[in-house]
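Asks: Following this message is one structure expressed as structure tokens.
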Amino acid sequence: MKTLKGVGTAELVIKKSVFIGYASPAEKEEEAKAFIAKIKAHHSDATHNVSAYLINDGKNFAVRYDDDGEPKGSAGKPVLKVIQNKGLSNVVVVVTRYFGGIKLGYGGLVKAYSDTASLAIENAGIVEVHETERFQVTFPYSLFHHVRETIENSDGRVVGEDYGELVTFTVETRKGEAEKLMELLTERTRGRVRLRRLFMSSFEGSL
């Protein structure tokens, strides 16, 4: 799943109208609505505060857009299309407009809102979020380098380390890969490791 790394902003001046874009990650619909309300309050003197969001966390799905007084379909929908065309989820975008006195026409509005939204999203940074699994592997110190090497060569990550009488690594892999790595560790250490499954998590990688 692709989403945003953080909050991004952008500003365009088109025929004296100022367009200010804000893009942010939002895990839930309530977060998206709160972000929109915050921007609207900040730009309460603006001519329009157009918004769109797409939330999909696997359980909840919500898609909304608001033209906020612009001609129907000329503002909020193009912003939503930018989100969709970039393949993003859990994202909210608000584009504020200060009217400069020159009308842009329907096509001009679509382009202005789309361009501003796209720039704000790019400035926020796009990341890919993968579902992951975690497990713990406990082993004697003599296997330290062997175990770490096996994990890292199998695209696993050691995200926690504990040193007592034995060493315990907390290992993270992409969803569906944990079982294979656990079997590999058992095989390569001839059964001299103890393994325990943990919970699912997620990590991000920049695109």
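Asks: For region 2-128, how big is Rg over Rh, using alpha carbon atoms and the Kirkwood form of Rh?
Replies: Computed over Cα atoms, the ratio is 0.95.
Asks: Continuing with the same structure: If contacts are Cα pairs under 8 angstrom and at least 6 residues apart, what is the relative contact order of the chain in percent?
Replies: Taking the mean separation of contacting Cα pairs over the length of the chain, I get 24 percent.
Asks: Which net charge results for the neighbourhood of Ile14, defined as the other residues with beta-carbon distances under 9 angstrom from its beta-carbon, given Lys and Arg at +1 and Asp and Glu at -1?
Replies: Residues near Ile14 contribute +2 overall.
Asks: Can you list the GluC sites (Glu not before Pro) in region 135-204 that are in a DSSP coil and have 14 or fewer other beta carbons within 10 angstrom?
Replies: Glu165
Asks: With point charges of +1 on the Cβ of Lys and Arg and -1 on the Cβ of Asp and Glu, referenced to the Cα centre of the chain, which listed residue (Ala75, Leu181, His145) lies farthest in the positive direction of the dipole?
Replies: The Cα lying farthest towards the positive end belongs to Ala75.
Asks: Can you compute the helix-only [θ] at 222 nm over the chain? Use -39500 (n - 2.57) per DSSP H run of at least 4 residues, normalise by all residues, nearest 500 deg cm²/dmol.
Replies: So the calculated ellipticity at 222 nm is -10000 deg cm²/dmol.
Asks: Run through region 18-71 and list the trypsin sites (Lys or Arg not before Pro) located in a DSSP loop whose Cβ has at most 15 other Cβ atoms within 10 Å.
Replies: For trypsin sites (Lys or Arg not before Pro) across region 18-71 that sit outside H, G, I, E and B with at most 15 neighbouring Cβ atoms in 10 Å, the list reads Lys28, Lys59.
Asks: Just to confirm the filter: which GluC sites (Glu not before Pro) across region 1-108 are DSSP coil and have at most 15 other Cβ within 10 angstrom of their Cβ?
Replies: For GluC sites (Glu not before Pro) across region 1-108 that sit outside H, G, I, E and B with at most 15 neighbouring Cβ atoms in 10 Å, the list reads Glu27.
Asks: Taking the Cα centre of region 2-128 as origin, sum charge times position over the Cβ atoms of Lys and Arg (+1) and Asp and Glu (-1), and report the length of that vector in debye to the nearest 20.
Replies: For this selection, approximately 320 debye.
Asks: Taking the Cβ-Cβ separation of Thr168 and Arg188 as r and a Förster radius of 25 Å, what is the calculated FRET efficiency to the nearest 0.05?
Replies: After rounding, the FRET efficiency stands at 0.90.
Asks: Also: Report the equivalent ellipsoid semi-axes for region 132-198 in whole Å, largest first, defined as the square roots of five times the eigenvalues of the gyration tensor built from alpha carbon atoms.
Replies: That gives 17, 13, 10 Å for the three semi-axes.
Asks: So if we plug the beta-carbon distance of Tyr98 and Val7 into 1/(1 + (r/R0)^6) with R0 = 22 Å, what FRET efficiency do we get, rounded to 0.05?
Replies: Working from the Cβ atoms, E equals 0.60.
Asks: What are the lysines whose alpha-carbon lies under 29 Å from the alpha-carbon of Lys81, with same-chain residues fewer than 8 places away excluded?
Replies: Lys2, Lys5, Lys15, Lys16, Lys28, Lys33, Lys38, Lys40, Lys59, Lys72, Lys103, Lys111
Asks: Here is a further query. For a bin width of 10 Å, list the pair-distance distribution of region 38-189 built from all Cα-Cα distances, rounded to whole %.
Replies: The calculated distribution, bin by bin, is 10, 28, 17, 13, 15, 12, 5, 0.
Asks: A further question follows. Summarise the accessible area of the chain (1.4 Å probe, protein heavy atoms) by the percent that is carbon and sulfur.
Replies: Whole-percent figure for carbon plus sulfur exposure: 48.
Asks: For the chain, find the longest principal axis of its Cα atoms and tell me its angle to the long axis of helix 76-85, 0 to 90°, nearest 10.
Replies: Helix 76-85 sits at roughly 30 degrees to that axis.
Asks: State in Å² the accessible area per residue of the chain; use a 1.4 Å probe, count heavy atoms of protein chains only, and round to the nearest integer.
Replies: Per-residue accessible area for the chain comes out at 54 Å².
Asks: If you line up the long axis of helix 178-188 against the longest principal axis of the chain, both from Cα atoms, how many degrees apart are they, to the nearest 10?
Replies: 30
Asks: Provide the per-residue ³J(HN,Hα) series for region 90-102, in order, calculated from phi with Karplus coefficients 6.51, -1.76, 1.60 and θ = phi - 60°, each as a whole number of Hz, with x at glycine and proline positions.
Replies: Karplus values, whole Hz, x for Gly and Pro: 6, 9, 10, 10, 10, 10, 8, 10, 9, 5, x, x, 10.
Asks: Between Ser118, Ser154, Ser74, which gets the highest mean-square fluctuation from a Gaussian network model of the chain, Cα cutoff 10 Å?
Replies: Ser154
The values are calculated or read from the model by the stated rules, or taken from the named source; none is laboratory data. Keep in mind that this is a model prediction, so the values were computed, not measured. Every residue, glycine among them, receives a Cβ derived from its backbone with ideal geometry; neighbour counts consider all protein chains shown. Just so you know, the surface numbers come from the protein's heavy atoms only, side chains and all, with ligands and any DNA or RNA stripped out. Shrake-Rupley method; radii C 1.70, N 1.55, O 1.52, S 1.80 Å.
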